[in-house]
Amino acid sequence: MMISSSIILAVPLMLILTVLQTAVLPYFPLFGVTPSLPFLVALSWAVLRGVNEGVVWAFIAGFFMDLFTAAPVGGLALTYMISVLAASLINDRLPTNRFIIPMLLAAIATVIQQLLYAIYLGIFGYSIVQVIAASFLPTVLLNTFLIMPIYWMLYFIQRAVWPKPIEV
Amino acid sequence: MNLNEAQRRIRWVTFAVLAILAMLLTVLDRTGNLDTAFAVIRDPMASIMGWTSERTNDLEDVLEGPRDLETARSEIAQLQERIDKLERENEELREIEGEYQLLLDLFNRARQAPDYQRLTGSVIGQDSIQAVRSIIIDKGSADDVRVGMPVESSRGLVGQVFRTTPNSSQVVLITDSSSAIPARLGTSRATGILSGGGVGGSLTIDWIDLKHQLEVGEVVLTSGLGGRFPQDLVIGRVIDVDRREAELFQRAVVQPAVDFESLEVLFVITDFEPVDTEIFSETE
């Protein structure tokens with residue numbers, strides 16, 4: 001029940017984020033790159049709500065992003081999911097820390113996602129080295145720092161939408 | 001089965017189902033079976049994108065400078081347009097000069113790019129992945145834009161329509177690493193395949209025969225070979241030549257005429273019919 005209501009939230013949110021990603025962010029690049037907003041939101045959601053919801057959010061995020069690339073559809077959905085799953089599994093083994101852990105997970109997940117996607121594009125004739133060289137390091141750095149405001153924003157949203165039951 | 005085990009099972013089943021779905025999407029997309037279905041989602045999103053892009057453009061202008069500079073800006077834009085036009089004319093004249101020198105005895109005319117019908121479109125979005133160089137424009141199949149149509153700006157060739165929805169199209173830029181365009185050099189008349197270098201990479205023409213003496217500054221145009229692009233569309237200018245006598249071929253690095261970071265208005269060439277040369281490569 002909870003998962004289905006979270007998916008209802010994910011679809012319009014990811015639609016809006018994809019529009020922002022393709023029509024707004026390219027006008028304001030940082031270090032020559034733009035952060036992957038839908039990916040960071042999916043990752044933050046996985047940290048906050050658990051891997052089951054996070055993987056679904058990652059798929060939805062990747063799917064909408066896939067619609068606006070000239071690369072084959074499905075690659076972002078797949079690599080977003082794998083990297084969010086991997087980051088969530090690592091998160092299960094880490095101590096709880098609301099400041100450092102999201103940043104660490106963002107760095108790990110972005111590295112995994114970028115490498116996997118480069119391999120995916122390599123299968124379809126793109127140069128893996130060129131794909132990685134294009135934006136690898138700045139994207140990892142940007143995502144690592146940008147996850148904090150996104151994580152906190154989602155933290156308050158989920159607290160508002162699904163408040164914790166008070167134990168008496 | 002305890003709760004944790006059940007949760008774990010749900011996790012892996014969900015992941016497996018979605019992963020298979022993603023792979024299925026890739027296969028269906030590669031075989032061209034998803035275009036119509038996805039157009040239903042892409043099209044309304046492209047409309048929102050167009051609206052958002054316009055607002056962002058305005059916002060960018062506001063952030064760039066005070067409003068009282070607007071008049072000066074419009075004047076600059078007009079002058080820039082004129083410079084672009086003159087530069088283009090200049091490049092065309094250089095091309096004519098190159099041909100003139102070569103064919104003076106044979107032809108008493110200069111070849112020019114044929115007058116094609118052009119449909120004006122605005123850029124409303126960019127590729128969602130940085131490594132892939134493509135843009136989204138606000139004209140689609142409802143405006144008679146078809147896959148394969150060449151797209152240019154006032155300065156030169158931009159790319160080719162890759163996919164369309166009724167009201168938008170995705171254009172793969174010539175700088176994308178998957179791009180390969182038959183090109184010809186204006187003065188030396190050498191031909192080769194112009195390859196995109198992706199983000200941060202250079203446009204290059206490889207496999208040019210050593211018999212050609214390439215010059216820095218030569219204009220690069222589409223050759224029309226292969227039938228995918230019309231002849232004589234300006235691509236750019238040679239900025240470096242990699243020539244080693246020990247090798248069989250040489251390589252030219254090309255500076256594109258178009259500034260791909262500031263694309264706004266583009267022209268889709270709508271009356272050029274790409275020629276399918278596949279039939280010639282069939283053995284049976």
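Applying a threshold of 7 Å to beta carbon distances and a minimum spacing of six or more residues, or different chains, the list of pairs starting in region B:84-108 at a residue that is open to solvent by 100 Å² or more (accessible area, probe 1.4 Å) and ending at one that is modelled with pLDDT under 60 reads B:Tyr100/B:Ala110. Do we have B:Ser188 as open to solvent by less than 30 Å² (accessible area, probe 1.4 Å), in contact with a helix residue (DSSP H, G or I) (Cβ under 6 Å, 6 or more places away or on another chain) and either within 13 Å of another protein chain (Cβ to nearest Cβ) or not acidic (Asp, Glu) (or both) here? So B:Ser188 does not fit the description; no.
Exactly one residue out of B:Thr56, B:Thr36, B:Thr14 is at the interface with chain A (Cβ under 9 Å from one of its Cβ atoms), within 29 Å of B:Ser122 (Cα to Cα) and polar (S, T, N, Q): that is B:Thr56.
Counting the residues of region B:162-178 that are within 30 Å of A:Ile132 (Cβ to Cβ), crowded, with 21+ Cβ neighbours inside 10 Å and of a type outside the set (A, V, I, L, M, F, W, C) gives 7. Of the residues in region A:50-63, at least one is open to solvent by less than 30 Å² (accessible area, probe 1.4 Å), of a type in the set (A, V, I, L, M) and within 24 Å of B:Arg163 (Cα to Cα). Can you find a residue that is closer than 22 Å to B:Val234 by Cβ and more than 12 Å from chain A (Cβ to nearest Cβ) anywhere in region B:162-171? The answer is no; no qualifying residue exists.
Criterion first (over 29 Å from A:Ile128 (Cβ atoms), at pLDDT 85 or above and not basic (Lys, Arg)) does B:Leu185 satisfy it? Here the answer is yes, as B:Leu185 does meet what is asked. Please enumerate the residues belonging to region B:1-16 that are open to solvent by 60 Å² or more (accessible area, probe 1.4 Å) and in a helix (DSSP H, G or I). Across region B:1-16, the qualifying residues are B:Leu3, B:Asn4, B:Glu5, B:Gln7, B:Arg8, B:Arg9, B:Ile10, B:Trp12, B:Val13. Quick check on my filter: what residues within region B:118-134 are of a type in the set (A, V, I, L, M, F, W, C) and facing another protein chain (nearest Cβ under 9 Å)? B:Ile124, B:Ile129, B:Ala131, B:Val132 - these are the residues of region B:118-134 that are of a type in the set (A, V, I, L, M, F, W, C) and facing another protein chain (nearest Cβ under 9 Å).
Considering region A:108-141, and only residues there that are closer than 20 Å to A:Gln21 by Cβ and small (Gly, Ala, Ser), the residue that is surrounded by the most Cβ atoms within 10 Å (Cβ to Cβ) turns out to be A:Ala109. For region A:64-77, taking the residues that are buried (at least 24 other Cβ atoms within 10 Å of the Cβ), more than 14 Å from B:Ile41 (Cβ to Cβ) and over 12 Å from the mean Cα position of the chain (by Cα), the one that is farthest from the other protein chains (Cβ to nearest Cβ) is identified as A:Gly75.
Only one of the listed residues (B:Leu221, B:Leu233, B:Leu225, B:Leu203) is in contact with a strand residue (DSSP E or B) (Cβ under 6 Å, 6 or more places away or on another chain), surrounded by fewer than 18 Cβ atoms within 10 Å (Cβ to Cβ), in contact (Cβ under 8 Å) with a residue 40 or more places away in the chain and hydrophobic (A, V, I, L, M, F, W, C). That residue is B:Leu225. For B:Ser177, the stated conditions hold: it is touching a helix residue (DSSP H, G or I) at 6+ places or on another chain (Cβ under 8 Å) and either of a type in the set (Gly, Ala, Ser) or at positive phi (or both). If you go through region B:17-32 and pick out every residue that is surrounded by fewer than 18 Cβ atoms within 10 Å (Cβ to Cβ) and either facing another protein chain (nearest Cβ under 9 Å) or over 24 Å from the mean Cα position of the chain (by Cα) (or both), you end up with 8. Sub-9 Å Cβ pairs linking a first residue in region A:4-29 that is away from chain B (no Cβ under 12 Å) to a second residue that is aromatic (Phe, Trp, Tyr) and not in a helix (DSSP H, G or I), at least 6 apart or interchain, are A:Ser5/A:Trp162; A:Ser6/A:Trp162, ordered by first then second residue.
The values are calculated or read from the model by the stated rules, or taken from the named source; none is laboratory data. From a predicted model like this one, the values you see are computed outputs, not experimental measurements. Using ideal geometry, Cβ is built from the backbone for each residue, glycine included, and neighbour counts are taken over all protein chains shown. Surface areas here come from the heavy atoms of the whole protein model, side chains and all, with no ligands, DNA or RNA. Shrake-Rupley method; radii C 1.70, N 1.55, O 1.52, S 1.80 Å.
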